[in-house]
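J.: Okay, here's the structure, questions in a sec.
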C-alpha cells in the first residue's frame, strides 16, 4: 500500500490518524504547508528517509545512517534502506519515532 498525503494546513497526525504508522514495503510521502509531521516506524524497518522543513526542526530516536543531517533537513537510511519515506513541511517540526 502506498500512502501519499498533501495537507495545506494542520498537523499530519490529526488528518491521518492511524495512517502515520509506517509498514514494511509501503512507500510513504507526507507533505504539509503549516503543521507538524510525526510518524512511527517499526524498530526493524529497512527504510530510506528524506525529510525537510523550512521553519522547524527534525528529531528522531532511530539509528539512522545519515548522508546529510542539519537542524531542518535529513537524508539517510535505516538497515540499508528499502522502504522510501519522504516527509516535508514548510512551517512545523518533523518527528520520526520508533513504534512502541
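J.: What shape does the stretch 17-100 take by its C-alpha gyration tensor, where a ≥ b ≥ c are the square roots of the eigenvalues and a/c under 1.5 counts as rounded, a/b above b/c as prolate, and the rest as oblate? Please list the in-between numbers first.
T.: On the way: a/c = 1.76, a/b = 1.28, b/c = 1.37.
The shape class here is oblate.
J.: Cut-off 16 Å, label point 7 angstrom out along Cα-to-Cβ of residue 86: give me the residues of the stretch 24-53 whose amide nitrogen falls inside.
T.: Answer for the stretch 24-53: 26-33, 48-53.
J.: Go ahead and run the numbers for FRET between residue 98 and residue 50, Cβ-Cβ distance against an R0 of 25 Å, rounding to 0.05.
T.: On the way: r = 19 Å, r/R0 = 0.75.
Efficiency computed from Cβ-Cβ geometry: 0.85.
We did not get these values from a lab; they are worked out from the coordinates using the rules stated. Only a predicted model underlies this, so the values are computations on that prediction, with no experimental measurement involved. Cβ coordinates were reconstructed from backbone atoms using ideal geometry, including for glycine residues, and neighbour counts include every protein chain displayed.
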